[in-house]
Amino acid sequence: MIIIGEKINGTRKKVAEAIRERNSDFISELAVSQADAGSTYLDINAGTAPKREPEDMVWLVETVQSASDLPLCLDTANPEALRPALETANKTPLVNSLSGEKARIEGILPLALEYKTHLIILALDDVVGIPDSSQGRMAIVRRLTDMALAGGLDEDQIFIDPLVTTISTDTENAKITLETIHSAKEAYPTAHITSGLSNISFGMPLRGIINRTFLAMCVAAGLDSAILDSNDRSLMETVMASEMLMGKDRFCMGFNKAYRAGRIGPALEKRNLH
């Protein structure tokens, strides 16, 4: 599973303060803790005003790269912030994200093609927003994915996000996402399927149970990437168990290695007490 660590996001109060005060120690600690927990990419989102964002994104990229050698997921819809971040990135990044909105097609897609990045594609546009059917979402996915492929990206550089909407507003929403995952994987077999999954439980009690159950269902449908808190041990346990049970963990080596390292199951210090 490709894990995109979500914590370095300026919409979070403490991260916003760290960006404003240039607290590199705080940002570095977030980067290292997510790397140690099993992240594959580290998401970088400054969340600041457009005029400040280019400088803030570059500072975040430099700070995180000084603490971790993981590739970055550059999370911005602002081309003026994305370009300098791309120029500063040491490794091929993942760009988050391209949608069917005109501004993103004109601003984000050309940069992804120029720098040959990996690219998250969202199943939404500025005509209908998020379609309420898997067929509607796939129409957008096909159009955008085909544009990226025609522009020179390889299929395995594409990360398709079917989008998750809350189950509390429509009990069909989880089913629509699962159908879109299945259809996207069928249409683009070597592309990745990713998503931020926690929206599914918004407004519901026992959100953790809902999120973990939905995560397992998405893995069974074809999800092979997720934007999540890699320090959430219960989520990471669900990720690793789901992939193992779907035959994606040869000889169960990934699950057993993570257990022996103390990244899943009881922490090592607690095991030593028994």
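Please treat every number below as a calculation from the coordinates, not as lab data. All of these numbers come straight from a predicted model, not from anything done at the bench. Cβ placement follows ideal geometry from the backbone for every residue including glycine, while neighbour counts extend to all protein chains displayed.
Highest mean packing comes first when the peptides 45-52, 195-202 are listed by Cβ atoms within 10 Å, giving 195-202, 45-52.
What number comes out for the charge environment of N23, summing +1 per Lys or Arg and -1 per Asp or Glu over other residues with Cβ under 10 Å away?
On the way: positive: K14, R20, R22; negative: E17, E21, D25, E29.
So the environment of N23 carries a net charge of -1.
Annotation: lysines with alpha-carbon distance below 23 angstrom to K270 (same-chain offsets under eight excluded): K257.
Annotation: peptides 90-100, 146-156, ranked by per-residue average of other Cβ atoms within 10 Å with the highest first, follow the order 90-100, 146-156. Distance from the alpha carbon centroid of the stretch 8-43 to that of the stretch 64-96 works out to 14 angstrom. Altogether, the Stokes-Einstein calculation at 10 °C and 1.306 mPa s, with the Kirkwood radius of the stretch 188-274 over Cα pairs as Rh, returns a diffusion coefficient of 113 µm²/s.
Note on A150 and D126: the extension gain reaches 6.4 nm, defined as 0.36 nm multiplied by sequence separation minus the Cα-Cα distance.
Entry note, the chain: the mean residue ellipticity at 222 nm calculated from DSSP H runs of n ≥ 4, each adding -39500 (n - 2.57), is -14500 deg cm²/dmol after division by the residues and rounding to the nearest 500. Hydrodynamic analysis of the stretch 1-70 uses the Kirkwood radius over alpha carbon pairs. Inserted into Stokes-Einstein at 4 °C and 1.567 mPa s, it gives a translational diffusion coefficient of 109 µm²/s.
What is the packing order of peptides 257-264, 55-62, taking the mean over residues of other C-beta atoms within 10 Å and listing the highest first?
Working: 257-264: 15.9, 55-62: 20.5.
Ranked from most to least packed, the peptides come out as 55-62, 257-264.
Within the set [x] 0.94; [y] 1.04; [z] 0.96, the number that Rg/Rh (Cα atoms, Kirkwood Rh) takes when calculated for this structure is listed as [z].
Of the cross-linked pairs K175/K248; K14/K248; K13/K175; K91/K248; K51/K185, those separated by over 31 Å at the C-alpha level are K14/K248; K13/K175; K51/K185. Here the stretch 191-256 and the stretch 112-155 have alpha carbon centers that stand 23 Å from each other. Using a simple spin-label model with pseudo-atoms 7 Å out from Cα toward Cβ, N90 and E17 lie 2.9 nm apart. For the stretch 102-152, the normalised intensity computed at q = 0.19 Å⁻¹ comes to -0.62 (log10 of I(q)/I(0), Debye sum over alpha carbons, equal scatterers, no solvent).
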